[in-house]
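Since the structure comes first, as structure tokens, the remarks are kept for the end.
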Amino acid sequence: MADQSTSGVPIELRKVTKVFPGSGEPAVRELDLNIPAGEIVVLVGPSGCGKTTTMRMINRLIEPTSGDIVIDGRSSHDIDPDRLRRNIGYVIQQAGLFPHMTVAANIAQVPKMLGWDRARIAERVDELLTLVGLDPGQYRDTFPRRLSGGQQQRVGVARALAADPPVLLMDEPFGALDPISRERLQDELLGLQDDLAKTIVFVTHDIDEALKIGDHIAIMKAPGHIVQYASPAEILTNPADDYVEQFLGAGSSMRLLRLTKVGDIEVDQVPYASEDADAAEVLAEIERHGLDYALLTDGMRRPLRWVGAEHLQGLTGPVGSAGDPITGTLHHRMTLQDALEALLNADNDVVPVVGRRRAYAGALSLSTVQNAIQAIKIRERERRLHRGETGAGR
Amino acid sequence: MTVSTAVPDETTNPEPRLGRSWHIVLPLLCYLAVGAAMIIYTQSVPLDGIERGSLNLPYIFGRTWEHIQLVFYSTVLVLVVALPLGILLTRGTLRRATPFVLTLVNVGQATPAVGLVVLLAVLFQIGFWTSVAALFAYSLLPTLRNTMVGLQQVDWRLIDAGRGIGMSAARVLFKVELPMAAPVILSGIRTTLVLSVGTASIAAFIGAGGLGDLITTGVSTQRNLVLVTGCVLIAVLALMIDWVGGLAQRVLAPKGLS
Ligand SMILES: Nc1ncnc2c1ncn2[C@@H]1O[C@H](COP(=O)(O)OP(=O)(O)O)[C@@H](O)[C@H]1O
Ligand SMILES: [Mg+2]
């Protein structure tokens, strides 16, 4: 396993099969899966389809009946299971914290096994508690039973990260939490992952959770095989078959809004100029666009004010302080759903879109978003028609 | 477990404090007082020759000490056998042997204690160690059964989590399973102790001494005072050992479980 610790390593499952003794049907059947380094790959599917079994074969809590699992170029079969597992973080539902150990002792387990000295462990424990958003002074010496479900799960994540393993396995880690805690922990996990870039295999039966946190999603079907392995957007816009479509259920368009970023669609372009631009020139620009307003920006192209054609008529020299201040901006990394929400609440019909360093990147109106949704719907309808013609054999 | 919203700065309850220490020793003081009162009474009433032979201080303390030794050695033997056996019987394939072993141990427990002692005395010889062996056979079950039950009822997800983070099977046993099973195991040991204090009275039948000597003497010479003294001292000893067991349970049980 890689020595350079903070970033993930690739994992490859090759024709992995698991037949439990005494059961006729395999729990996992000739499963191939390529998990790129530093990505979150979600295994999703209904209960009993083999997600947990697949995941537990990666750290050899379950031994595959046949096939091979290669972690960072090495067959996991050649690594001592206990040593293998100390290099793979493991998080399960309801955290699986040891109730008779303090929070600190729970987190310290793997570093202890790796023979770290006390001072280093204590330092690492505090660092990890801070990382998962728990105050070390307050929580270090408490017992798990005194923590809420969400806090326990944070400690669970901290324990898994203790020795900075390149790989993290998470089996329905947020499954037992209430929706608010779950959302928050999902967001925090994504935030952590931005910095840590671990290879994370995440099991869930909740498709929305999968779409939210997965870089890639493997949709599984009983008995233990993958029906589609693709990015969330690809799965939404192009489900492989009826099973996937059914699993996605209703509301795919809404999900697509949640998944599509403002930057992903074609935004409007409006004339923009800095405050010291000549008023007559700006007016000419406005007319060329066939509009009756322009955006004024500061020296770093950050939107400041809307200025209407009527403000500029008869004005000579620089535009100066004419126009009305903008009331809000949309960021190009916002989801379309959030943009829609903001547009519905905005004072103006058109809201500027900003990109990096809050610089002007375009503008968005309700009708533009509507057109984008329309395009998505049309694409979806075409796809369905297409499948109607070719899908007879499926 | 109910799960509530994860408010980061949610207050945590303080650890419950152990009760005031003198509350804990109060029962012990009562038991000691009863025992002392009994002994003082025997020293202050006129005694005949036979009674004097059994109710003088060196004799009483000698028998008490023998009684404690019988209990001590048999319990040590129980621990040495029952703990490893209980652990083995909850591992992997040996699990299948569990019903047979429990049946065997049950036989030891179900045989009338007197019968067991006499049987062993016939088979081996009269004396201290034969009594210890009988006591062992008679009081093995609670510790063995509780060790097995305690280990069996450890949440499998904790064992899974332990293995999942890279603990060896042995490490999971010592760091997770045994601590989690400790309350149940300790209560089994406590039962074993109390059981053997009572049963040790029978050792007197095969000349192994103990406070049972007072009872047999009291019965055979029809001296009720001797008989009652023996009974009271055995009861007091049982209560005191139970108290020590209870204290051990409180001190040794892992924290954070309640
Ligand atoms: N230890 C086991 N012994 C026998 N069958 C098992 C075992 N674990 C899982 N299975 C079976 O394998 C199948 C897949 O289980 P699992 O991987 O737990 O599904 P999922 O995590 O997707 O709900 C199920 O049919 C389940 O009954
Ligand atoms: Mg599962």
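How large is the Kirkwood hydrodynamic radius of the stretch B:43-183, in angstrom, based on all distinct alpha carbon pairs?
Details: mean 1/r = 0.0553 Å⁻¹.
Taking the inverse mean of 1/r over all distinct Cα pairs, the stretch B:43-183 comes out at 18.1 Å.
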(request) Find the eigenvalues of the gyration tensor of the Cα atoms of the stretch A:237-394, then list the square roots of 5 times those eigenvalues as equivalent ellipsoid semi-axes, largest first, in whole angstrom. (result) 41, 15, 11
(message) Using only the alpha-carbon atoms, how far is helix A:366-390 inclined from the longest principal axis of chain A? Give it as 0 to 90 degrees, nearest 10.
(response) 50 degrees
(request) In whole angstrom, note down how far apart the Cα centers of the stretch A:346-384 and the stretch A:251-330 are. (result) 15 Å
(message) Take A:D82 and A:A284, extend 7 Å from each Cα along the Cα→Cβ direction, and tell me the distance between the two endpoints in nm.
(response) 8.2 nm
(request) For B:K175, go through the lysines and keep the ones whose alpha-carbon is under 17 Å away, minus same-chain ones fewer than eight residues off. (result) A:K112, B:K255
(request) Would you mind computing, in nm to one decimal, how far apart the modelled labels at A:D268 and B:I24 are, each placed 7 Å from Cα along Cα→Cβ? (result) 7.7 nm
(request) Whole Å is fine, so just give me how far the alpha carbon centre of the stretch A:27-42 lies from that of the stretch A:83-105. (result) 23 Å
(message) Run lengths n ≥ 4 of DSSP H only: what is the helix-derived mean residue ellipticity at 222 nm for the protein assembly as shown, with -39500 (n - 2.57) per run over all residues, to the nearest 500?
(response) -16500 deg cm²/dmol
(request) Counting only DSSP beta bridges with both residues in chain A, tell me the antiparallel percent, nearest 5. (result) 55 percent
(request) Between B:S168, B:S139, B:S74, find the one with the highest GNM mean-square fluctuation for chain B; connect C-alpha pairs within less than 10 Å. (result) B:S168
(message) Looking at chain B as a GNM with Cα springs under 10 Å, which of B:V228, B:V45, B:V78 has the largest mean-square fluctuation?
(response) B:V45
(request) Evaluate the distance, in nm, between pseudo-label points positioned 7 Å from the Cα of B:L57 and of A:Q337 along their respective Cα→Cβ axes. (result) 8.6 nm
(message) With the alpha-carbon atoms as the only input, what is the per residue convex hull volume for chain A in Å³?
(response) 185 Å³
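How high is the FRET efficiency from B:V76 to B:V122, r the C-beta distance, R0 25 Å, rounded to 0.05? Don't skip to the end; give the middle numbers.
On the way: r = 25 Å, r/R0 = 1.01.
That gives a FRET efficiency of 0.50.
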(message) Given axes a ≥ b ≥ c from the Cα gyration tensor, I'd like to know whether chain B is rounded (a/c under 1.5), prolate (a/b larger than b/c) or oblate.
(response) oblate
(request) Quick one: check the C-alpha center-to-center distance for the stretch A:124-155 versus the stretch A:174-206, whole angstrom. (result) 16 Å
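Laboratory data are not the source of any read-out in this text; all were calculated from the coordinates shown. Please read these numbers as outputs of a predicted model, since none were measured by experiment. We place every Cβ from the backbone using ideal geometry, glycine too, and count neighbours over all the protein chains shown.
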